[in-house]
Amino acid sequence: MKISFANPAAPTKGTAVVLCSEGGKWSKTAATLDAKLKGALKRAAKASGFEGKKNQTMIVLAPGGSSLDRVLCLGLGKPAEITPESVVEAGGTMFAAIGTVAGPVTVHADDIDKSNLKAADIAANLGYGATLRSYVFEKYKTKKADDKKTPLDALAIVCDGAAAARTSFGHLSKIADGVKFTRDLVSEPANVLYPKEFAQRLKKDLTKVGVKVTILGEKEMRKLGMGSLLSVGNGSSHESQMVVMEWNGLPASKKKNSKPISFIGKGVCFDTGGISLKPAASMEDMKWDMGGAGVVSGLMKALAGRKAKCHVVSAVGLVENMPDGNATRPGDIVKSMSGQTIEILNTDAEGRLVLCDVLHYVNTKYKPDFMVDLATLTGAIIVALGNERAGLFANDDKLAERIHAVGETIGERVWRLPLGEEYNKDLNTDAADMKNIGSGRGAGSITAAQFLQRFVGDTPWVHLDIAGVTWSKKDTTLVPRGGTAFGVRLLERFVADHYG
Ligand code: BES
Ligand code: MN
Ligand code: ZN
């Protein structure tokens, strides 16, 4: 969607969006327009119960006394409670309320009485929220809807300080670009987005924004001793890949010998379960079992796009988990790059087999300040937290608390679950150093995290189990149904707040 900013002008044609706060006065444009319409807006508000509450909307069609098609009154809530984040949400609400259009849409972003935010901040954040909500994935639709109205694809936002709004939106739009990149990757079907194709897209798209992209194929990974990751792709006709992405935005004086921060993603391009085959129902969901890798990729795009002043080395393990004559069998024993051996008792617990080699590789090669991994790792996390929060596991309280706090602020929420020796010992087995599943049926997300912890050494580490939040079956304020890109905005802000 095209977003443009200009200085204030009176509403004249098409759809006018005006802002209202709760309990306070309406915005200047809303009040002036209401007077011109002889009180039609206030009367409509009274008749419909519109009070300017947060994310409340009211549409007045073809009001007499003007040539406007529609007036959309957008509630921002109580002035003292308006934050950049609440305005982002209002932007998403606005986009959804506008729906399809026949003419131009102009948003009148005025200062709100008794709010700390300036008109330009409101304008930029409304544009950001609308952009996030406007995502569609329709490249495989060959027929367009037969409708005189079209989906909103351009938004003119007018406000005092339009230049400042433009600058501030320029920054936010880089984050939105990262979110879009992730959503595109997650939405692609697995016949199109197999490991090599995924790697090539990273090379093409991220190189453009200044990320150094290195692709390792099976030959290189075998040399490194990544027997665990490689075992997952044994049954697939597609070659497994590992992609390392490096962004160094530090000033030259600090560039040398800087310890990077690091993000690692599970990229199972399709997870059939392997020989421990999954049931048919909903197996199609497993096209988004590369969601962790998708988030890491979008995060790199956002950080490089906004030229973050930090050093980041990220990596994704890209594989396809299929059954065939070469596939790993339950009971097989493999050797990970760390030297630890793994008895694979369930080939459907494959994500940890991929991550353990990538974590070890990044940890030993780059000695990062910390590692955060993201993975659609367990169905059990959906049992525990549903589709509302991601599970967080950590060996470092400060990292855990920081990520949790950002989540509360921007609305990508996480909840910490425990780690401990009592769970860890459940991975012990007679035949090898560990097995890839726990013994019982309980605490499946925790044993998965325990497995990963065996490969991170003393490096501060957070594991985010995003199985419940990577795909949404319903529209929410900022996320149309489909791939959510949960984690991109969370970790972008986490980096911005603490690393630059
Ligand atoms: N990719 C799945 C987890 C998953 C399930 C993600 C549902 C998204 C939605 C993972 O590879 C898996 O199959 N995990 C198993 C682990 C079990 C075999 C220990 C699970 O959760 O059942
Ligand atoms: Mn699986
Ligand atoms: Zn999986």
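The values are calculated or read from the model by the stated rules, or taken from the named source; none is laboratory data. Only a predicted model underlies this, so the values are computations on that prediction, with no experimental measurement involved. With ideal geometry, Cβ positions are generated from the backbone for all residues, glycine too; neighbour counts draw on all protein chains shown.
The residue of region 319-338 that is surrounded by the fewest Cβ atoms within 10 Å (Cβ to Cβ), among those that are of a type in the set (A, V, I, L, M) and within 15 Å of ligand 2 (Cβ to nearest atom), is 327. Under 20 Å from residue 456 (Cβ atoms), away from ligand 1 (no atom under 14 Å from the Cβ) and assigned to a helix (DSSP H, G or I): is that true of residue 299 in this structure? Criteria met by residue 299. Out of 392, 374, 359, one residue alone is part of a helix (DSSP H, G or I) and modelled with pLDDT of 95 or more. It is 359.
Search region 79-134 for residues being within 21 Å of residue 413 (Cβ to Cβ) and of a type in the set (D, E, K, R), and hand back the single one that is surrounded by the fewest Cβ atoms within 10 Å (Cβ to Cβ). Filtering first and then ranking leaves 81.
Just one of the listed residues (140, 135, 128) is in a helix (DSSP H, G or I) and not charged (D, E, K, R), namely 128.
Given the criteria outside the structural domain of residue 59 (by TED's automatic domain parsing) and buried (at least 16 other Cβ atoms within 10 Å of the Cβ), does residue 165 qualify? When the stated conditions are applied, residue 165 passes them. With respect to being within 16 Å of ligand 3 (Cβ to nearest atom), assigned by TED's automatic domain parsing to the domain that holds residue 259 and touching a Lys or Arg at 6+ places or on another chain (Cβ under 7 Å), residue 354 fits the description. Of the strands (runs of 3 or more DSSP E) that lie entirely inside region 208-296, those containing 3 or more residues that are closer than 21 Å to residue 375 by Cα and within 15 Å of ligand 3 (Cβ to nearest atom) span 261-271. On the stretch given as region 315-332, residues that are over 22 Å from the mean Cα position of the chain (by Cα), away from ligand 3 (no atom under 14 Å from the Cβ) and in a strand (DSSP E or B) total 1. Scan region 80-98 and give yes if some residue there is touching a Cys at 6+ places or on another chain (Cβ under 6 Å) and either free of Cβ contacts under 8 Å to residues at least 40 places away in the same chain or not β-branched (Val, Ile, Thr) (or both), otherwise no. No, region 80-98 has no match at all.
Among the residues of this structure, residue 234 counts as one that is within 16 Å of ligand 2 (Cβ to nearest atom), surrounded by 16 or more Cβ atoms within 10 Å (Cβ to Cβ) and among the polar types (S, T, N, Q).
Do we find that residue 163 is part of a loop (DSSP other than H, G, I, E, B), out of contact with any Pro (no Cβ under 7 Å at 6 or more places or on another chain) and of a type in the set (Gly, Ala, Ser) in this structure? Please lay out each step first, then the result.
Values: part of a loop (DSSP other than H, G, I, E, B): no; out of contact with any Pro (no Cβ under 7 Å at 6 or more places or on another chain): yes; of a type in the set (Gly, Ala, Ser): yes.
So residue 163 fails the test.
Consider residue 369 carefully, then state whether it is within 16 Å of ligand 2 (Cβ to nearest atom) and modelled with pLDDT of 95 or more. Answer is no for this residue.
Before we move on, is residue 375 within 13 Å of ligand 2 (Cβ to nearest atom), touching a residue at least 24 places away in the same chain (Cβ under 8 Å) and touching a His at 6+ places or on another chain (Cβ under 8 Å)? For residue 375, the condition - within 13 Å of ligand 2 (Cβ to nearest atom), touching a residue at least 24 places away in the same chain (Cβ under 8 Å) and touching a His at 6+ places or on another chain (Cβ under 8 Å) - is met. Name the residues in region 412-436 that are crowded, with 17+ Cβ neighbours inside 10 Å, out of contact with any strand residue (DSSP E or B) (no Cβ under 7 Å at 6 or more places or on another chain) and more than 25 Å from residue 332 (Cα to Cα), would you? Residues satisfying the conditions are 412, 413.
When region 339-351 is filtered for residues that are out of contact with any Lys or Arg (no Cβ under 6 Å at 6 or more places or on another chain) and more than 13 Å from ligand 2 (Cβ to nearest atom), the ones remaining, listed by number, are 339, 340, 342. Give me the residue from region 339-351 that is within 16 Å of ligand 3 (Cβ to nearest atom) and in a loop (DSSP other than H, G, I, E, B) and, out of that set, surrounded by the most Cβ atoms within 10 Å (Cβ to Cβ). That would be 350.
All conditions but one from (1) within 16 Å of ligand 2 (Cβ to nearest atom); (2) in contact (Cβ under 8 Å) with a residue 60 or more places away in the chain; (3) of a type outside the set (S, T, N, Q) apply to residue 438; the one that does not is (2). Among the residues of region 75-92, those identified as of a type outside the set (Val, Ile, Thr) and either more than 25 Å from the chain's Cα centre (by Cα) or not in a helix (DSSP H, G or I) (or both) are 75, 76, 77, 78, 79, 80, 81. Taking region 441-500 as the range and being part of a strand (DSSP E or B) and either more than 15 Å from ligand 3 (Cβ to nearest atom) or surrounded by fewer than 24 Cβ atoms within 10 Å (Cβ to Cβ) (or both) as the test, the residues that pass are 461, 462, 471, 472, 482, 483.
Has region 292-300 got any residue that is touching a strand residue (DSSP E or B) at 6+ places or on another chain (Cβ under 7 Å), touching a residue at least 12 places away in the same chain (Cβ under 8 Å) and within 16 Å of ligand 2 (Cβ to nearest atom)? Within region 292-300 (the criterion being touching a strand residue (DSSP E or B) at 6+ places or on another chain (Cβ under 7 Å), touching a residue at least 12 places away in the same chain (Cβ under 8 Å) and within 16 Å of ligand 2 (Cβ to nearest atom)), the answer is yes, since at least one residue qualifies.
Rundown of residues vs (1) under 16 Å from residue 377 (Cβ atoms); (2) in contact with a His (Cβ under 9 Å, 6 or more places away or on another chain), yes/no style:
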{"residue": "430", "(1), (2)": "no, no"}
{"residue": "439", "(1), (2)": "no, no"}
{"residue": "444", "(1), (2)": "yes, no"}
{"residue": "450", "(1), (2)": "yes, no"}
{"residue": "456", "(1), (2)": "yes, yes"}
{"residue": "464", "(1), (2)": "yes, no"}
{"residue": "473", "(1), (2)": "no, no"}
{"residue": "481", "(1), (2)": "no, no"}
{"residue": "485", "(1), (2)": "no, no"}
